[in-house]
1. Whole angstrom only: what separates the Cα centroid of segment 215-260 from the Cα centroid of segment 339-359?
2. Counting other C-beta atoms within 10 Å, which of CYS410, CYS220 has the fewest, and how do the rest follow?
3. I need the phi-derived Karplus couplings for segment 191-201: 6.51 cos²θ - 1.76 cosθ + 1.60, θ = phi - 60°, integer Hz, Gly and Pro marked x.
4. When only C-alpha pairs under 8 Å and at least 6 residues apart count, what is the relative contact order of the chain, in percent?
5. Kindly put HIS405, HIS233, HIS56 in sequence by how many other C-beta atoms sit within 10 Å of each C-beta, fewest to most.
6. Show the residues, 5+ positions off or on another chain, whose built amide H is closer than 5 Å to the amide H of GLY109.
7. Tell me, in nm to one decimal, what length is gained between SER60 and ASP451 on full extension, where the rule is 0.36 nm per residue of separation less the Cα-Cα distance?
8. Summing +1 for each Lys or Arg and -1 for each Asp or Glu, what net charge is found among the other residues whose Cβ lies under 14 Å from the Cβ of LEU182?
Amino acid sequence: MKPWSSSRVWTWVSALVVLAAALALRLPRLDRRPMHGDEANQAVRTGLLLDKGVYHYDPSDHHGPVLYFAALPFCRATAKTFAETTEWNYRLVPVVFSCLTLLLMLGLGVTRHGGLFGNRAGLFGALALTAVSPAMVYYSRFFIQESMLVTFLTGMLVCAVRYVSAMTSTPDADLRPPASGLRCSAWALGFGAFAGLAVATKETVVLSFAALALAALAACGPRRLLGAWNTRHAALAAGAAAGVAVLLFSSFFTYPHGVYDALFATVSAYVKRATAVPEHQHPWNFYLKILFWFKYGRGPVWSEAGLLLPALAAAAAAFWPRREVAAPTRWVRFIAVYTLALTALYSAVPYKTPWCALSFLHGYILLAGIGVSMAVDGLKRLPAAGRAAGGAGVAVLLGLLVWRHSAQACRACFQLPADPRNPYVYAHTGSDALNLVAAVEAAAQRAAGYDTLIAIAVPTPDTWPMPWYLRRYRQVGYWTSVAEIPADVKPEIVIAAADQGDAADARFGQGKRASFFGIRPGVLLNVFVPVPEAGGKRE
């Protein structure tokens with residue numbers, strides 16, 4: 001066994017420091033923020049898998065199966081049933097995958113070893129900026145698909161970089177027909193497997209694939225791509241992608257119809273959603289405002305615009321004629337075109353939710369790391385004193401950027417986790433929902449405990465996240481209006497939409513106290529609970 005060199009030791013020490021910083025931002029107080037409606041929906045879906053061992057892909061209301069299957073071991077580690085699970089069981093999933101993204105990024109490597117970054121300063125600059133990015137950190141604490149999608153897209157990039165390195169003699173040489181060695185085959189299989197996982201994670205990955213194709217053409221041109229084509233390796237990649245996707249969409253071959261739905265029902269469902277859901281339609285610059293300049297009222301300023309200067313410098317240098325950059329030129333062009341194309345595609349789709357920005361935000365971070373590589377590489381032309389001063393300057397600027405992003409991440413996750421002054425808060429459950437849950441809990445303990453009969457008369461979208469918070473109650477009925485509740489149902493507790501309050505009061509209000517709670521902006525629920533004492537005054 002070869003002894004480790006000092007540079008390799010420092011590489012892993014630095015990686016562990018970055019990983020520790022990432023965990024310090026991601027792990028604390030995971031259970032304090034109220035469950036977002038989307039998180040609750042996904043948790044209930046996972047709960048069905050946990051309790052019944054059954055999952056069927058539903059393209060109309062849910063995303064791909066990867067999140068649910070990935071959450072299963074996290075739930076089973078501490079709980080036997082859905083009712084026993086907590087926020088920790090679910091939110092640890094994106095935390096782990098966001099850390100896996102950092103580990104995969106190490107595989108992007110440095111140029112002299114066939115990697116992406118010109119030097120270790122660029123590699124670890126990108127790692128640090130990914131670890132502390134406020135958007136990345138905030139959504140890595142959300143039980144949604146975006147952190148996993150970034151992980152799998154990063155895995156695809158790592159495999160592609162390593163595949164090209166294995167089949168070319170120099171990192172930036174013209175592409176040549178690849179050798180048929182095991183290394184190339186292994187990287188092709190890895191690329192396909194990550195692509196299959198991405199497809200089975202979220203349907204919006206088709207935008208990433210479109211941007212990838214455009215970026216490959218822009219970076220290499222059709223002639224070089226055709227010259228590098230290897231049918232065997234392409235078949236390996238396609239087979240791995242199809243195999244992984246079919247395995248997951250079919251629920252491990254127990255529900256073949258899931259594959260049919262993924263192929264033929266998903267597109268129509270998401271085209272309709274992209275254009276026919278007015279509450280989620282936003283202007284083209286929605287993502288740019290959230291990421292690069294956001295201020296709500298008298299709230300603080302939020303921005304990751306510090307990424308743009310090194311990122312745009314790297315992109316410009318890659319396209320500047322006869323100009324060397326501190327990284328393989330075509331890879332820089334590829335990432336630049338991919339990032340800008342994906343930004344444009346997401347911005348063009350009317351349906352927008354802020355977490356979708358993570359996929360192209362990571363591209364800006366990679367470009368910023370390459371920009372750091374360029375700056376450090378440029379210092380080599382200076383005399384010793386200039387190199388020392390320039391190196392210190394780059395380190396200070398990068399340190400300030402990391403510090404500022406860390407401060408915003410702390411503010412987003414721990415100070416304003418469900419506050420509209422936070423740009424990453426979107427249609428979020430408010431803290432008053434926890435007051436509603438506490439009121440129901442207190443009333444249920446005076447009645448039959450978790451066997452208390454609870455009736456909910458709320459339109460379906462506004463029901464969430466109540467199914468999560470009422471998961472321990474064994475007798476909960478859901479209807480969209482009071483009129484739908486059967487005449488023989490006599491609930492102890494009634495939760496009704498605000499416009500159903502009068503109907504609920506007329507039918508169930510006798511001997512109950514009514515209170516209003518806001519579960520998220522614009523959504524009020526009227527809660528009727530038995531008065532503590534007979535004949536008590538109604539509020």
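1. Between the Cα centre of segment 215-260 and that of segment 339-359, the gap is 23 Å.
2. Details: CYS410 16, CYS220 19.
Fewest-to-most ranking of CYS410, CYS220: CYS410, CYS220.
3. 4, x, 5, 5, 4, x, 5, 5, 4, 7, 9
4. Working: 871 pairs, mean separation 88.9, N = 539.
It comes to 16 percent, rounded to a whole number.
5. On the way: HIS405 25, HIS233 22, HIS56 16.
Going from least to most buried by this count: HIS56, HIS233, HIS405.
6. Residues meeting the amide H criterion: LEU116.
7. Values: separation 391, 0.36 × 391 = 140.76 nm, distance 3.25 nm.
Here the segment from SER60 to ASP451 would lengthen by 137.5 nm.
8. Numbers: positive: ARG162, ARG183, ARG232; negative: none.
Net charge around LEU182: +3.
Every read-out reported here was derived from the displayed coordinates using simple, explicitly stated rules and does not represent laboratory data. This one's a predicted model, so the numbers in the text were calculated from it and none came from an experiment. FYI the Cβ positions are ideal-geometry reconstructions off the backbone, even for glycines, and counts take in every protein chain you see.
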